[in-house]
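*Asks:* Can you read through this structure? Questions will come right after.
The values are calculated or read from the model by the stated rules, or taken from the named source; none is laboratory data. Computed from a predicted structure; not experimentally measured. Neighbour counts are summed over all protein chains in view; Cβ atoms, including those assigned to glycine, are modelled from backbone coordinates with ideal geometry.
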There are 2 protein chains.
Amino acid sequence: MQNEKIGTAPDARTNHFKSAEILTIGTEILLGDLLDTNAAWISGRLAALGVSIYRHTTVGDNKKRITAALEEAVSRADLVITTGGLGPTSDDLTNACLGEAAGREMVEYPEARRHVDEMFKRFGRTPTQSNYKQALFPEGSELIPNPAGTAMGAMLELESALVATFPGVPGEMKGMFEETLEPLIKERSEGSILSRTLWFTGIGESALAEEVQDLLDASDPTVAPLAGQGKVRLRITTRAATTEEAEEKIAPVADEILSRLGDYYFGEDDETLESAIGKLLTGRGETLALAESCTGGLLAKRLTDRAGSSAFFTEGLVTYSNEAKERLLGVPHELLVQHGAVSEPVAKAMAEGVRKTAGTDYGLSVTGVAGPDGGTEEKPVGLVFVGISDAEGTVAERLDLSAWRRSREAIRERSANRAFDLLRHRILLEGNKT
Amino acid sequence: MQNEKIGTAPDARTNHFKSAEILTIGTEILLGDLLDTNAAWISGRLAALGVSIYRHTTVGDNKKRITAALEEAVSRADLVITTGGLGPTSDDLTNACLGEAAGREMVEYPEARRHVDEMFKRFGRTPTQSNYKQALFPEGSELIPNPAGTAMGAMLELESALVATFPGVPGEMKGMFEETLEPLIKERSEGSILSRTLWFTGIGESALAEEVQDLLDASDPTVAPLAGQGKVRLRITTRAATTEEAEEKIAPVADEILSRLGDYYFGEDDETLESAIGKLLTGRGETLALAESCTGGLLAKRLTDRAGSSAFFTEGLVTYSNEAKERLLGVPHELLVQHGAVSEPVAKAMAEGVRKTAGTDYGLSVTGVAGPDGGTEEKPVGLVFVGISDAEGTVAERLDLSAWRRSREAIRERSANRAFDLLRHRILLEGNKT
């Protein structure tokens, strides 16, 4: 019902948003006690919608500073999105500051009061007087429904900009953004903005950029690279009168990129290496088991981050001690003595052992020196072996991640990415044979 | 040598920094492609040093907007820290904008040119002309050495503020901040600022706050709470002429807090539940093995995030399938059929099974419905059982995390925190008996 009201508001159709600013409100974020993930998330959404972003600003829970930041933001941008400061305590000042900046009285909205009552009823609790503060908004605001929490948001024209206030809880903010503001931005936008993200691994950012430099230099569709932890993505973006037209503009560019870089490609948009493996295995009715040493459960954790992994993932053995490698995976004692736990023969024996004991189609193993201590001249920090076993046999690859020897986390994440990518290639290879 | 120069600069001793702003420069961060972790890290350091923070601002790689943001920041604060925009490409504009704002010429610093040469030599490469852009700084700047990369930073007085520029790469920025700016802030600060953080779990933020409300209301030392994923921390901060004096002011407050909340306390400063367990077990020469189902390796991953875990952690079995629970942990088939995998008897059998097969002192198990799908009326999303087995016997606890049923991640993280805390209490209990 709120959505309908917003859609038919007289101001809502006039012109599209050219520029936006994001204002994060909260002392906890300002002092570094809490990481602001909202600004990045909203920016990503706005960028995909074709709205330029001018600035992010973070201020604490301080009336003067919030109001000043709001006034500055509306003087530069025509859409200002705030997160935080919508709670029931005296520190929550966002809507009051918006009223102050707009010269509007704070009034109680009956639907917001009802919403507070309903949410409290759902949790079997009784609201106190301070909870009804969340029903107060600057006069003339349109409310943003919040199905997941008590704090509704407000939209209000301030100078020539629209200000929209959201709670700081990411789960609440995201739903409200997607259900209320995103449709409004799309409705106001001239035509359709579309993005497709292609993911690559096994190639560095500069090597990848060289392959598609002509496309990176093109202005429509734009193609932008971004790299991290052994993965690179290319985002293709364009604007057109309709979504179909935008799709038609993007498709040949994506095809061209894939014809040059297809060997390194593993998926689109929110695909991860582990979700790509999950799809491949589920589609083929095949299964996987893991044997991890230096990654200590990271591969298993990543495979199970998303629901549905039980379709292909049966077990993961984190064999941290050598004794566990022998007992659980059947790695021969002599192999460990002769070559050490971080070696190609042991990586192979781990992959083969877990595949046999688990009775899966694939066995994947990782053993290495994650550091920051424990390296030797022969086996430095960053030396990692990945083993893969399937019905065709068992292979291993040696990784040299010594460039990241200062970061245990980087070595573990990159080992996982490389292991997943090697497995992916192996599965694809098997698929081509049959 | 740079440090010495800074220390003896005439401006450096005049007055302490009262307020700071952080300016993040980079289109990738503005567009949400990259999360800004630098601002939070710097803020945490500044807060610990007793410097108030007014604002964080993020702008893209745009000369006008960077310069405007710099000028605004120095009009409000007396210390402005920038990150990003110090690279060799045409998009890297920070130092040029600082020169513009200060009305200073850009000049080449011979020591910076030598630094570029040395860094390239170390990597066996040859710099191009564009790399020497990183030797250009506004005239009169003091340079900030960067042992980990080519980009040195600059410090320059602008109006009544000091501006310090840092690269965006966190690993480089942090080292430079700690080696150059932090000593300068300490030198300029009146006396010593000290913080101690106490960590609690098993108690909610509001219940904890009620217990220490009088201390939260006090102004020196200040005590500030922060909560997340089932853990709460209290930070005690004070300022005194010397570190020893500050310690003496904080100690009685910490003692008072612990006398009231000791049951929930698990460590100080960078302690985590898993590092606390690691210390306890290592100190007692005892060992732990894990049997995980819904957490899928998260507990093992967290235990091995820090080096040294091999001293007490031998293995973790991620038994995702029921068959794996039977084969690896010896969970009786009938138990799984009768009670289901998510049940108290199975949690107990898993903990007992892993302790026996691994031959460790403790076995810890987690089984539950992490969601977002797969819940039933009888076993809803968020129902989790934790099992603990030791020489004294085996116990299990039922967790109701259904309030977080929308977030698989929250259920998994909270399950891990609760499991670690239950284990910690069990270890302490055993310790008291002997």
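*Asks:* For region B:229-241, indicate whether the set of residues that are free of Cβ contacts under 8 Å to residues at least 12 places away in the same chain, more than 14 Å from chain A (Cβ to nearest Cβ), of a type outside the set (Val, Ile, Thr) and not in a strand (DSSP E or B) is non-empty.
*Replies:* No, region B:229-241 contains no residue that is free of Cβ contacts under 8 Å to residues at least 12 places away in the same chain, more than 14 Å from chain A (Cβ to nearest Cβ), of a type outside the set (Val, Ile, Thr) and not in a strand (DSSP E or B).
*Asks:* Further question: Testing A:GLY175 on (1) of a type outside the set (Val, Ile, Thr); (2) modelled with pLDDT under 95; (3) buried (at least 22 other Cβ atoms within 10 Å of the Cβ), one condition comes back false. Which one is that?
*Replies:* The number of the failed condition is (3).
*Asks:* Is it the case, given these coordinates, that B:GLY204 is farther than 30 Å from B:LEU258 by Cα and small (Gly, Ala, Ser)?
*Replies:* no
*Asks:* How many residues does region A:178-227 hold that are assigned to a strand (DSSP E or B) and in contact with a helix residue (DSSP H, G or I) (Cβ under 9 Å, 6 or more places away or on another chain)?
*Replies:* From region A:178-227, those assigned to a strand (DSSP E or B) are A:192-201, A:222-227; that's our starting set.
Adding the requirement that they be in contact with a helix residue (DSSP H, G or I) (Cβ under 9 Å, 6 or more places away or on another chain) leaves A:192-196, A:198-201, A:222-227.
Counting residues in region A:178-227 that are assigned to a strand (DSSP E or B) and in contact with a helix residue (DSSP H, G or I) (Cβ under 9 Å, 6 or more places away or on another chain) gives 15.
*Asks:* Return the residues of region B:214-228 that are within 14 Å of another protein chain (Cβ to nearest Cβ) and of a type in the set (Ser, Thr, Tyr); say none if nothing qualifies.
*Replies:* If the condition is that a residue be within 14 Å of another protein chain (Cβ to nearest Cβ) and of a type in the set (Ser, Thr, Tyr), then B:THR222 is the only one that fits.
*Asks:* Moving to a separate point now. Those residues that are facing chain B (nearest Cβ under 10 Å), hydroxyl-bearing (Ser, Thr, Tyr) and surrounded by fewer than 23 Cβ atoms within 10 Å (Cβ to Cβ), I need them from region A:320-379; list them, please.
*Replies:* A:SER321, A:THR357
*Asks:* Could you say whether any residue in region B:253-266 is more than 30 Å from B:LEU299 (Cβ to Cβ) and crowded, with 19+ Cβ neighbours inside 10 Å?
*Replies:* yes
*Asks:* Which residue is nearest to the chain's Cα centre (by Cα), if the candidates are limited to region B:72-101 and must be assigned to a helix (DSSP H, G or I), under 24 Å from A:ASP36 (Cα atoms) and not polar (S, T, N, Q)?
*Replies:* Within region B:72-101, the match that is nearest to the chain's Cα centre (by Cα) is B:ALA73.
*Asks:* A follow-up question, please. If you take the residues of region B:273-303 that are among the β-branched types (Val, Ile, Thr) and surrounded by fewer than 23 Cβ atoms within 10 Å (Cβ to Cβ), which of them is nearest to B:LEU317 (Cα to Cα)?
*Replies:* In this case the residue turns out to be B:THR287.
*Asks:* Only one residue in B:VAL386, B:VAL337, B:VAL354, B:VAL366 is aliphatic (A, V, I, L, M) and closer than 19 Å to A:ARG306 by Cα, so which one is that?
*Replies:* B:VAL366
*Asks:* Still on this model: For A:ASP305, all conditions in the list (1) in contact (Cβ under 8 Å) with a residue 12 or more places away in the chain; (2) facing chain B (nearest Cβ under 7 Å) hold save one; what is the number of the exception?
*Replies:* If we test A:ASP305 against (1) in contact (Cβ under 8 Å) with a residue 12 or more places away in the chain; (2) facing chain B (nearest Cβ under 7 Å), just (2) comes out false.
*Asks:* Hey, could you check region B:214-238 for residues that are more than 21 Å from B:GLY267 (Cα to Cα) and out of contact with any Lys or Arg (no Cβ under 9 Å at 6 or more places or on another chain) and say which is modelled with the highest pLDDT?
*Replies:* B:ASP214
*Asks:* So, of the residues in region B:393-412 that are of a type outside the set (A, V, I, L, M, F, W, C) and at pLDDT 95 or above, which turns out to be nearest to B:LYS301 (Cα to Cα)? Reasoning before the result, please.
*Replies:* First, the residues of region B:393-412 that are of a type outside the set (A, V, I, L, M, F, W, C): B:393-394, B:397-398, B:400, B:402, B:405-409, B:412.
Narrowing the set further to residues that are at pLDDT 95 or above leaves B:393-394, B:397-398, B:412.
On the way: B:GLY393: 26, B:THR394: 24, B:GLU397: 22, B:ARG398: 23, B:ARG412: 12 Å.
The residue in question is B:ARG412.
*Asks:* Test each condition in (1) farther than 24 Å from B:THR67 by Cβ; (2) out of contact with any helix residue (DSSP H, G or I) (no Cβ under 9 Å at 6 or more places or on another chain) for B:ARG113 and report the one that comes out false.
*Replies:* If we test B:ARG113 against (1) farther than 24 Å from B:THR67 by Cβ; (2) out of contact with any helix residue (DSSP H, G or I) (no Cβ under 9 Å at 6 or more places or on another chain), just (2) comes out false.
*Asks:* I would also like to ask the following. Please work out if A:MET119 is within 23 Å of A:GLY171 (Cα to Cα), of a type in the set (A, V, I, L, M) and at pLDDT 95 or above.
*Replies:* no
*Asks:* Next question. Counting only residues that are surrounded by fewer than 19 Cβ atoms within 10 Å (Cβ to Cβ) and among the basic types (Lys, Arg), which one in region A:380-413 is farthest from A:LEU428 (Cα to Cα)?
*Replies:* A:ARG406
*Asks:* Here's another thing I want to ask about it. With at pLDDT 95 or above, surrounded by 22 or more Cβ atoms within 10 Å (Cβ to Cβ) and in a helix (DSSP H, G or I) as the only criterion, which of B:ALA39, B:ALA68 stands out? Full working, then the answer.
*Replies:* Values: B:ALA68 fails: surrounded by 22 or more Cβ atoms within 10 Å (Cβ to Cβ).
Just a single option satisfies the conditions, and that option is B:ALA39.
*Asks:* Right, another one. Looking at (1) surrounded by 16 or more Cβ atoms within 10 Å (Cβ to Cβ); (2) within 21 Å of B:ASP36 (Cβ to Cβ); (3) in contact with a strand residue (DSSP E or B) (Cβ under 9 Å, 6 or more places away or on another chain), which is the one condition that is false for B:PRO138?
*Replies:* In the conditions (1) surrounded by 16 or more Cβ atoms within 10 Å (Cβ to Cβ); (2) within 21 Å of B:ASP36 (Cβ to Cβ); (3) in contact with a strand residue (DSSP E or B) (Cβ under 9 Å, 6 or more places away or on another chain), B:PRO138 misses (2) alone.
*Asks:* Now for a different question. So B:ARG306 clears everything in (1) at pLDDT below 95; (2) of a type outside the set (A, V, I, L, M); (3) surrounded by fewer than 21 Cβ atoms within 10 Å (Cβ to Cβ); (4) more than 30 Å from A:ARG406 (Cα to Cα) except one condition, right? Which one?
*Replies:* (4)
*Asks:* How many residues, within region B:7-27, are surrounded by fewer than 18 Cβ atoms within 10 Å (Cβ to Cβ) and either out of contact with any Asp or Glu (no Cβ under 9 Å at 6 or more places or on another chain) or modelled with pLDDT of 90 or more (or both)?
*Replies:* The total comes to 4.
*Asks:* What are the residues in region A:71-80 that are in contact with a helix residue (DSSP H, G or I) (Cβ under 6 Å, 6 or more places away or on another chain) and either farther than 19 Å from A:MET155 by Cα or surrounded by 24 or more Cβ atoms within 10 Å (Cβ to Cβ) (or both), if any?
*Replies:* Matches in region A:71-80: A:VAL80 only.
*Asks:* Taking the condition touching a residue at least 40 places away in the same chain (Cβ under 8 Å) and in contact with a helix residue (DSSP H, G or I) (Cβ under 8 Å, 6 or more places away or on another chain), does B:GLY382 pass? Break it down into steps so the answer makes sense when it comes.
*Replies:* Details: touching a residue at least 40 places away in the same chain (Cβ under 8 Å): no; in contact with a helix residue (DSSP H, G or I) (Cβ under 8 Å, 6 or more places away or on another chain): yes.
Criteria not met by B:GLY382.
*Asks:* Next up: Kindly list, by first and then second residue, each pair from a residue in region B:404-432 that is within 11 Å of another protein chain (Cβ to nearest Cβ) to a residue that is among the acidic types (Asp, Glu), limited to pairs with Cβ atoms under 8 Å and residues at least 6 apart or on different chains.
*Replies:* Partner pairs satisfying both residue conditions: B:ARG408/A:ASP305; B:GLU409/A:ASP305.
*Asks:* Here is a follow-up. Assuming A:ARG55 fulfils every condition listed in (1) closer than 15 Å to B:GLU28 by Cα; (2) under 20 Å from the mean Cα position of the chain (by Cα) apart from one, which condition is it?
*Replies:* Of the numbered conditions (1) closer than 15 Å to B:GLU28 by Cα; (2) under 20 Å from the mean Cα position of the chain (by Cα), the odd one out for A:ARG55 is (2).
*Asks:* Right, something else. When region B:28-39 is examined, which residues are found to be within 8 Å of chain A (Cβ to nearest Cβ) and out of contact with any Asp or Glu (no Cβ under 7 Å at 6 or more places or on another chain)? If you could, list the steps in order and put the result at the bottom.
*Replies:* Within region B:28-39, the subset within 8 Å of chain A (Cβ to nearest Cβ) is B:28-37, B:39.
Across region B:28-39, the qualifying residues are B:GLU28, B:LEU30, B:LEU31, B:GLY32, B:ASP33, B:LEU35, B:ASP36, B:THR37, B:ALA39.
*Asks:* Answer yes or no as to whether B:ASP270 is in a loop (DSSP other than H, G, I, E, B), modelled with pLDDT under 90 and either aromatic (Phe, Trp, Tyr) or surrounded by fewer than 21 Cβ atoms within 10 Å (Cβ to Cβ) (or both).
*Replies:* yes
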